[in-house]
Each structure stands twice: as structure tokens, then as C-alpha cells.
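Peer 1: Questions regarding the structure given below will be posed in turn.
The values are calculated or read from the model by the stated rules, or taken from the named source; none is laboratory data. These numbers were taken from a predicted model, which means no experiment stands behind them. Backbone-built Cβ (ideal geometry, glycine too); neighbour counts: all protein chains shown. Accessible surface areas use protein heavy atoms only, side chains included; no ligands, DNA or RNA. Shrake-Rupley method; radii C 1.70, N 1.55, O 1.52, S 1.80 Å.
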Amino acid sequence: MAGRRLTKWVVAVPMAGLAPATIYPLVMLPTGAPALLVVYLFLQRQIADASPRGPRRADKMRITGYRTLTTVQDWGRPVGDANGVFADGLVRVPIVVVETDVGITGVGFGPHVEIDSIFAALEGEDPRGVTALYDRMLRQTFKAGHAGAVFGTIGALDTALWDIKAQAAGEPLWRLLGGRDRRVPAYASGVDIGLGDDELVALYETYADRGLRVAKIKGGLDVDRDRDRLILVRDVLTNAGRGTRPGLMLDVNEALTRKQAVRHVVELERTLDLIWIEEPVRRWDAEGHAVVGRGVRASVASGENLSGLEQYRPLISTGAIDVVQAAAGWGVTHFLRVAALAHAHDLPVSPIGNTPVGLLHAATSVPNHLVSELQDLRPPSGISVDLHVENGAFILGDSPGLGVRVDEEAIVASRRRLAVPVSEGPHVRPERAGQRLLAVVRDTVTPDRLDPLPS
């Protein structure tokens, strides 16, 4: 009787995924309790060997610590906007690595400002409770507020927690968040105001080789110069697309007043078709954005420098912006909430930043993602990312989590190339921003040193 029961049990095992060839010899074993035990242990081992392997999973997981790093993005050319330029093309990239008691670590890109204070909200917690921990970090900064660089610290930690959560699940973040398609449409963005014409053309030819047919240039200082540069980029993309009309955008990085912005864009629209004008006025000026929107044909895009969901409310509720942007440095949870708010108002959302990997994963899961910014085609020093660019899109990989790998030795070596923190660049607003009556001609690397055109 025991033998018959054993035979039925063994024959059923192949349905669980074991090959029949590993089962049939067991039928020849003698019956009885010792034999059954041998068979049971053997089959348990076979089933364990046949089970999918992945990252170690844990019923309990705790956040135990963090490390901070700073690496370098070497653009190999000047980079900047209407506010300033990094002439050497070397840009600091701060990184946060969050550690757990099960050996899984998560990576986030963003500043380290007040990180000791903010990390107190996370220490000892289960990192998989990401959204609750995000709100816990916001509460941790309640009195002083979470705006500015502190919001970037929260965003870096938040992104690292999402990385951990997806790794623990053994899935890429885009799939964990419910994304169906790993392809994320992109546009070229060279942060290019410091380039001459030949350099500009060569740069966008490189983007065009990757299939990009939409581009955003930096401008806002000289409308005639902006027109010429947009035409150069338009021609590059038109040729690459065999005559298909490309998409063009202009980003002036808050360099203009309301009326200046309207005059600037209207003049460009005499000969060009712009998809959007980005940050035409100060980031918080909802009425000003609305004035610009009413005065031009192009859409108005803004939001990358808004640090908190509450700062979007006046811009969205008044219809002041047409494209809602969110910066990569503010984190995944922030982006998901901004996307939901925008979607409730039938507005598209667009991630911004040079290393937007967390937001790329998140973009696959929201219904209103329009397009994501692609700046440098290479990652920062010491960083590798499981994605590539082809046919005008980011293609996300299958590595669990964000797919980011950190080479700390390479990062340490790259830091030797950094000078002391610079006092000029796109991160510093020029003294005369928004108060210039004349266009400026670029002959040095910083806008404050530009000579006015003759009247």
C-alpha cells in the first residue's frame, strides 16, 4: 500500500517543475518508512535546486546606516544655462548609499544637507515602507521646512529606499511600480549655452545618432542668438529624420520677466514652432506663468525647482503651466505624487535631470508621462546603470532595483579632479537676471561678464 502511495506521489512531482528523468529511478526504491524519508529528503533538495534564485529576501529588514559619496560628471565641454557656465565641464554629483541588516544597499543621487537629522527618521525602520518613511522624513523637518537642498536629501534617501525595496523583491523598480513597458521616451538636452555653433551641431548629431528627434536648448539672453541656435538644431534633427519635422523647446531658467518672456517667445515664433518654453519666469510666480501662457503659442513648462507638492498647487490649479516637471533629485515618491496631481488636472508630466534613473523607472508606471530629459549620454564617474538609449528612448534593464552599481574606488579617484566649490555657474543667479534691457553677446563663460549689444 505504501509503495502505491509512493508511486502516485512521485509521478505527481514533475508537475511541480522537476524533470521526469530525476524521478523515475525513485520508484525502484524499497518501500517502508526509511525509504520514504530518503525519497522525501531527495525531492526537497531537488525542488530547492529548481526554485528561482534571486536576491536574499527577508521577513524582517532594518535600515542600519548610510554612506555619502561625491563623484564627478565630466561633460568634456562647457555646460550651463542663462545663469552661468561650468567652463571645465566638471560637475559634482553627490550620492547617498543606504545600508540594511540583510546586506542589501540602495543608491540615491542628491545632496547630503542635514542628512544626520533626516536619517534619524529612518534608522531601524523597515525600508520597504517607503511612502510612509517619506512622510516621516518630511515631518522630521517640520519646523525648519523641507524646501531647497534639504528636499534633495530627502529625495536621495527616498530613491535609495525604493532601490532597496525592489532589490528585496527581486525585480527592477519599473516592474515593481507596475510599469508595463521598459521604454521611456526621451528628448535631447545638452545644457549647451556655452557652446559655439560647430560644437552645438556636433553635440546634437550625437543625440540624433541615438534616434532622438526632440531637443531642448538653453537660452534667454539674446533672442537672435536663440533663433540661430534653434535653427541649427532643427536642421540637424530634420536631416536625421529624413525631413520629418522635429520637436524644439527653449529653457531660459527663470532669466526673464513676464513681458520679456512673451516678447522673446513671440519673436521666435515668427519663424519657429516651439513645443514649450521652460521656466520663463521665477519658479513660484503662478500669475506670471499664466501671463506668458496667454501671450505665446508654445506650452509653458515648469516645476523642476519646486521642492514640495504644495508648491505645485497654485501653478496647476490656476492653469498657469501646461507641462508639469519634476527634478530627479527630489525622489521617486515626490514624482509619483506630482504625476498624480497633474493627472487629476489632465496635464502631462516630464522628469528633469542628468541622472534621472529613479524617475525613469517611475515614469513607466504613470499614465501621463510625456517625455524625459536626456542630458549627458555617459553616467557619472564610478557609476554604471542598467539602461541604454536607442530609437529616441531610454531602455531600462532587468537588474533588480534601480540597476545602479557604484565603484567607490573610481569615485575616490575622480574627486581629485574637483576644485574647491565654485562661486559661479548655473547654480548661482546673476545679479542682473531679469533686469537687462539689451541682449548680451557671449564672449566668456559666465553671463555676468557678457558685453551688451550696441543700441
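Peer 1: What are the residue pairs meeting all of these: first residue in the range 219-242, first residue within 19 Å of V191 (Cβ to Cβ), second residue surrounded by 16 or more Cβ atoms within 10 Å (Cβ to Cβ) and aromatic (F, W, Y), Cβ atoms under 8 Å, and 6 or more apart or on different chains?
Peer 2: L232/Y204; V233/Y204; V236/Y204; L237/Y204
Peer 1: Has the range 158-171 got any residue that is of a type in the set (D, E), within 30 Å of V389 (Cα to Cα), modelled with pLDDT of 95 or more and not in a helix (DSSP H, G or I)?
Peer 2: Yes, that holds for at least one residue.
Peer 1: Find all pairs meeting these conditions: Cβ atoms under 7 angstrom apart; at least six residues apart or on different chains; first residue within the range 92-111 and more than 30 Å from W75 (Cα to Cα); second residue open to solvent by 10 Å² or more (accessible area, probe 1.4 Å) and part of a loop (DSSP other than H, G, I, E, B).
Peer 2: So the pair list comes out as T100/R62; D101/R62; V102/R56; V102/A58; G103/R56; I104/P55.
Peer 1: Would you point out the residue of the range 87-120, among those that are more than 21 Å from T141 (Cα to Cα) and open to solvent by 40 Å² or more (accessible area, probe 1.4 Å), that is nearest to the chain's Cα centre (by Cα)?
Peer 2: Selected residue: R92.
Peer 1: Which members of the range 284-318 meet the condition of being part of a loop (DSSP other than H, G, I, E, B) and under 21 Å from the mean Cα position of the chain (by Cα)?
Peer 2: G303, E304, N305, L306, S307, G308, Y312
Peer 1: Looking at this structure, is P454 of a type outside the set (V, I, T), modelled with pLDDT of 95 or more and part of a loop (DSSP other than H, G, I, E, B)?
Peer 2: no
Peer 1: Taking only the range 176-185 into account, find how many residues are closer than 23 Å to G129 by Cα and surrounded by 19 or more Cβ atoms within 10 Å (Cβ to Cβ).
Peer 2: Number of matching residues: 3.
Peer 1: Scan the range 206-228 and give yes if some residue there is part of a loop (DSSP other than H, G, I, E, B) and out of contact with any strand residue (DSSP E or B) (no Cβ under 8 Å at 6 or more places or on another chain), otherwise no. Walk me through it before giving the result.
Peer 2: Taking the range 206-228 as the starting set, the residues that turn out to be part of a loop (DSSP other than H, G, I, E, B) are 210-213, 219-222.
Now restrict to residues that are out of contact with any strand residue (DSSP E or B) (no Cβ under 8 Å at 6 or more places or on another chain): none.
The answer is no; no qualifying residue exists.
Peer 1: Kindly provide the set of residues from the range 56-88 that are free of Cβ contacts under 8 Å to residues at least 24 places away in the same chain and closer than 30 Å to W162 by Cα, ordered by number.
Peer 2: D59
Okay, residues lined up against (1) surrounded by 15 or more Cβ atoms within 10 Å (Cβ to Cβ); (2) under 24 Å from R67 (Cβ atoms):
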site	(1), (2)
V366	yes, no
V385	yes, yes
V406	yes, yes
V412	no, yes
P426	yes, no
P430	yes, no
Q435	no, no
